[in-house]
Amino acid sequence: MKNIQLLILFTLIPFVSCSGTFKHTLDFSPNEPLRVAVLPFKHIDSDGKIIEDDGSLLVDNVSLISSEVKNSPVALSRKIVLAELKKTSLDIISPVLIDIDLPHRNLAFPDGKFNLEKIFSVPAKTYCEDFLDCDAVLFGTVKKWDRSYYGLQSNNEVEIELSLISAKTNKILFQATANDSEGHGLSKGPTGYASVILEPLKGLDSELIEDLARRTIAKMLEPLRSKESKTKDTTPPPAIFAVSHDAINGEIIKGSPLTVLAFADSDKTASFTIGNYVRNVPMIETKAGHYIGEFWPLPEEKFEAQSITITLKDSNNRITKLVVDSGPVSLK
Amino acid sequence: MSRNNLSKNNLFKKISFFINFTLLCSILCSCGATINKAPELDKKTIQYLALIPPSSLEGVSRERAEYINELIRYELESKGYIVLSNDIVSNFCSDSSCSNRKNLKELYNIDEIAMLNLESTSSNDFLLGYYNSISGKFSLEKLNGEVLYSASNTYRDSGGLILQSGQVIQAIINQSKNGDKDSMDKVNYKFITSLLKELPNVKKGIANTNNNKLFITDLKITPYNKTVTKICIAGNPSQSAWLVNEKNNTAELKEINSGQYCGAYRLEGTWSLTNKLKVELRSPFGDLTHLEVNKK
């Protein structure tokens, strides 16, 4: 009996250990605010052929064990990638603008379904120069999306590849490949007879493989997060100490600038906004912590009673705003 | 009955008791989002909408609130909705109630607004277990306030040795993962997904943006006075235009005539014309086109 127990234990050790493999190459600065188009992903089989798999199993219809699958593996992976890219400095094009345009570029079939073979064969330069106005394109491939059941053990496995290609040079700026899996059942130390039977079934819950994909993709995209964003929670946000402007009685005189001053944390990016009228008028740091900006009104411009708000941004993109309490300004 | 048969019977009784108990708990605990849909929602052809950022909530940092807002945006976009740019919404709506929302129709042809009202959030880690939760309500409304879709939910995530019976090793693994600073991302993601899961997808083929292709047809750089430079571009009317420097900081060019956007700036430091500058014309929905001012 002891020998059988030992045999089971050693057989299951591979399922217990963290079996994920993550590889990446990075050939650009993650701080560079590239405008990126994330194209629809493809799902391929072991022969490299594109397949259509909605990722669902029969067990997804049993609500006590699993949840109904709303998104295919490719749709879900793309959605997770977009959410994770929010934590980087990249400027991401709205996917819906891409998806609406692809059929008009002969990259979809008559029924509206994307022609993935064609989409993946078009070079990044064509996308960015012809219709998306971007600096790079992200291609994503789902190579594995498996939920397997072995009676006393179930296993979820995902394998994903992401490639960021420069539109200018067609070079691979970033590439990441990851394979990760997670088991449920005998390998995870069941606490009773019921859990021996139930846990493998619960391991087939579609939410678990979605969680696995989310964690895998988050880890894949970690190199793209700028160094500062990884520490943003530990440092204080930027501070503004004093602000003022020089519009006497709130009147801006045509031909003369409105000058706005701010005393704040040094080495930040400062700008000011005049109500809803004009945004992001740049301010320059003339000496440490002293910022000055000018709004030069054009002859055609006019506005009434707009308040001035200073914005200070740090390298982690955290923003502090302060309204100038000298009162609103008008340009007549 | 032999001793073996008796022990087998007892074993089966125990197994069936545990299975029934677990199933009962699952039934009682399987609470999802409470969703209300107006009947006309399925017939309506909504594609463009404005997303009002969630109102601030104690205990939720601005960055976390922005992240949650972006999750809603991506979820809406994955269903085919085209969402008004954040910049425009934050400039237009002074608070989460957006009292001047009726002007959205006139300016951006928006008929519906979406918003999330965060009610509470908590994150508790007590070494042998953890419990995270977030609750709130999402609604999609017409500009007159009539609700087309609303969903409220409290999403809970718990685990660890105390709260996750059934698998000892998995409980320990989950406990260590909860210590990761991004652990709330999963909770936020699941929360948003649960709120929007019954929102219908946009019907394909409703509209396209090809008719609104953006163009910059002209760029003029002229001295405004001895120290200030005037920059003007010509392009599609009723968009937003920007001067952008190498650090991706932006300065607005105002539309002074239909399709003509200008600004006068002292171009120094990172804004100097000897640096890499470009002008951008952006639609309210994220489309853009650009022109380099000075190729370095």
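Read-outs: derived from the displayed coordinates by stated rules, not from any lab. Note that the coordinates shown come from a computational prediction; the quantities given were computed from them, not determined experimentally. So basically every Cβ, Gly included, is an ideal-geometry build from the backbone, and we count neighbours across all protein chains shown.
If you average 1/r over all unlike Cα pairs in the stretch A:235-331 and invert the result, what Kirkwood radius do you get in angstrom?
Working: mean 1/r = 0.0742 Å⁻¹.
For the stretch A:235-331, the Kirkwood estimate is 13.5 Å.
How big is the dipole moment of the stretch A:218-324 about its Cα centre under a simple scheme where the beta carbon of each Lys and Arg is +1, that of each Asp and Glu is -1, and everything else is neutral? Debye, nearest 20, please. Before the final figure, lay out the partial values.
Working: 13 positive and 13 negative charges, 111 e Å.
Dipole about the Cα centre, nearest 20: 540 debye.
Could you let me know the centre-to-centre spacing of the stretch A:239-318 and the stretch B:230-277, using Cα atoms, in angstrom?
About 16 Å separates the Cα centre of the stretch A:239-318 from the one of the stretch B:230-277.
Between the stretch B:75-130 and the stretch B:35-68, how far is it from one alpha carbon centroid to the other, in angstrom?
First find each Cα centre; the distance between them is then 4 Å.
Using DSSP to call loops (not H, G, I, E or B), can you name the GluC sites (Glu not before Pro) in the stretch B:49-104 whose Cβ has at most 13 other Cβ atoms within 10 angstrom? Intermediate values should be presented prior to the final figure.
Details: sites: B:GLU58, B:GLU63, B:GLU66, B:GLU70, B:GLU75, B:GLU77; in loops: B:GLU58.
Sites meeting the loop and neighbour criteria: B:GLU58.
Non-local amide H neighbours of A:HIS43 (under 5 Å, H modeled in plane, Pro and chain starts lacking H): which ones?
Those lying under 5 Å, H to H, from A:HIS43 are A:ILE51, A:VAL142.
Whose amide H sits under 5 Å from the amide H of A:LEU173, counting only residues 5 or more places off or on another chain, with H placed in the peptide plane?
A:LEU164, A:ILE165, A:SER166
Which ³J(HN,Hα) values, rounded to whole Hz and listed in residue order, are derived for the stretch B:239-252 from phi using the Karplus coefficients 6.51, -1.76 and 1.60 in 6.51 cos²θ - 1.76 cosθ + 1.60 with θ = phi - 60°, glycine and proline given as x?
Karplus-based 3J(HN,Hα) across the stretch B:239-252 equals 10, 10, 10, 9, 9, 10, 9, 4, 8, 6, 7, 10, 10, 6 Hz.
How far apart, in nm, are the 7 Å Cα→Cβ label points at B:ASN91 and B:ASN257?
Taking the simple label geometry, B:ASN91 and B:ASN257 are separated by 2.2 nm.
Provide the per-residue ³J(HN,Hα) series for the stretch A:303-310, in order, calculated from phi with Karplus coefficients 6.51, -1.76, 1.60 and θ = phi - 60°, each as a whole number of Hz, with x at glycine and proline positions.
Ordered by residue, 3J(HN,Hα) equals 7, 10, 6, 10, 8, 9, 10, 8 Hz.
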